[in-house]
1. What number, in percent, do you get for the relative contact order of the range 50-124 if the mean sequence gap of Cα pairs under 8 Å and at least 6 apart is divided by its residue count?
2. Mind ranking 372-384, 169-181 by how tightly packed they are, going by the mean number of other C-beta atoms within 10 angstrom, highest first?
3. List the pair-distance distribution P(r) of the chain, using every Cα-Cα distance, as the percent of pairs falling in each 10 Å bin from 0 up to the bin containing the longest distance, rounded to whole percents.
4. Which distance in nm do the two modelled labels at residue 63 and residue 33 give, with both placed 7 Å along the Cα-to-Cβ direction?
5. Cut-off is 10 Å between beta-carbons; in what order do 75, 202 appear when sorted fewest neighbours first?
6. Quote the relative contact order of the chain in percent (integer), defining contacts as alpha-carbon pairs under 8 Å separated by 6+ residues.
7. To test your reading of the geometry: what angle, between 0 and 90 degrees and rounded to tens, separates the Cα axis of helix 187-199 from the longest principal axis of the chain?
8. Kindly express, to the nearest 10 degrees and within the range 0 to 90, the angle between helix 165-179's C-alpha long axis and the longest C-alpha principal axis of the chain.
Amino acid sequence: MNSPEGGGDTAAPFPLSGADLLLALLLTAGALALRLPFIAPHPQGWDSIDFALALARYDLLAMQPHFPGYPVFIWLGRLAQVWQPDPFLALAGVSAAAGALAIGAACLLGTAMGGRTTGLATAAWLALSPLAWLISGQAMSDSLGLLGCILFLLAAWRYHRTGRTWPAALSGLALGLTLGVRLSYFPLGLTLLVLVLRRRSWRGFGAALLGGLAGMVPWLLWLVAREGAGRLLELGVRFTGGHLTDWGGAVGAPHAAAARGHLFHWRNWLGLGLGGPAVHPLPGWGVLLLLGVGLGLGWRRLDARFTLAWLLPYLAWAYWGQNPDNPRHLVPILPVVMLYAARGLRELRMPLRWAAGLLLSGALAAAALPLVRAQAAVPPPMVRLAHYLRQERTAPVFVWEEERAIKYYSPGVTVFRLRRPAHFEQVLFALPHRPQRVLATSAFLNGLGEAGTEIRRHFRPVAQFQGDPLIYTTYHDITLYEAGPDLYAAFSGPRR
């Protein structure tokens, strides 16, 4: 049985006690107080702009937003606009509220699996994780996805322990709704399938299936009604192909194995996720040491079968199927590390246990606070580039993924999103009037590869926009270039 404080090696009984629920509520309130002051009033990139545009006009063909559409997140964003008309603040407000609720849910999950002290530490460390804190201030769907993920795991844990049908139905319902937030969390379906098959229960399978349908059907019908089944399928096939082979950053995309491993483990996982040396060099090693001790001590004191069913499917998908340039794809893995570390550190003797817990909390906060402050205070380089270009309305600008931000903030600017040198020459000579200035961003010029060497030779830098690479992991350093007067003469084509 559990000790009076909710500790012990066995799981806390369901329903959770009133004290457990009160603790989760207090942690939710505390997490919300930490998140609201650091909401970013600007987009983090083109995905945030797509979400903002979708609040006004939802159109997958126009990438507002891109497939799979994120319908549940958009619904809540529109609801938030009743109180906050600004689309970025409304969506970031949803993220802040969801992020705070996720902390309370993590407390309940940790309490159920390892006792009240474990629940408290799991929630506190997840709240202070740089990555979890950052996404809670963004106009992105990841924080809401984290909430759905933890609620799913809470119900799935109950089913795993009891085999009763109602938690199977609730876990299916939570999963179905979560897929309407982030379809990329589909590996959690494998987690539920493993748990159901292990019990060999047709009733459990049926309950989970009905719950999943109840969570999925409303947003699926809404998508089909708006986009049409045929167009939705076509968009899905096209999007999946691009995600797995080109721009999506999956294993089929041009990422070297060593670079993928470095980004995934050192920067994303050990760095932003756990506040390691990549984020904060001195205390970062202490964080990893304490977490390592906790994981080592806690591994045998929690149900490894449930954890592996949770961890392995998504971990494999995150590594091989997602873009390592985006650390936010690792968010569903964070709770398991915090939970095991919390349970393991409970094995330390007092007062060493509390000293280690407080040191870990302080180190995480020291790593996270500068990042969340910078994210809220300083617009990303892409947005600053877009504002700068307002004064360049007569000059064509050749870009890559900056296009969305420029069109949103400076709609009068002529923007061309290209990837091939031949297309650049075609567009250049197809302009109705030869412009006095031709501009290009570093992403466009560098993206031309070796074939673009001749083009790059005719451009010189005129402005630079930089941000923290841990916050803006892809477009943290943008240079704007201007073509020299010999650009047109250097290429063949009709002369105007």
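Every number here is computed from the coordinates shown, using simple stated rules; none is lab data. The model shown is predicted, which means the values in this text are computed figures rather than measured ones. Methodologically, a virtual Cβ is constructed for each residue, glycine included, from the backbone with ideal geometry; neighbour enumeration extends over all protein chains shown.
1. Relative contact order, the range 50-124: 18 percent.
2. Details: 372-384: 19.8, 169-181: 25.2.
Answer by packing, highest mean first, reads 169-181, 372-384.
3. 4, 18, 28, 25, 14, 7, 3, 1, 0
4. Between residue 63 and residue 33, the label points sit 4.2 nm apart.
5. Arranged by neighbour count, lowest to highest, 75, 202 become 202, 75.
6. 15
7. 30
8. 10
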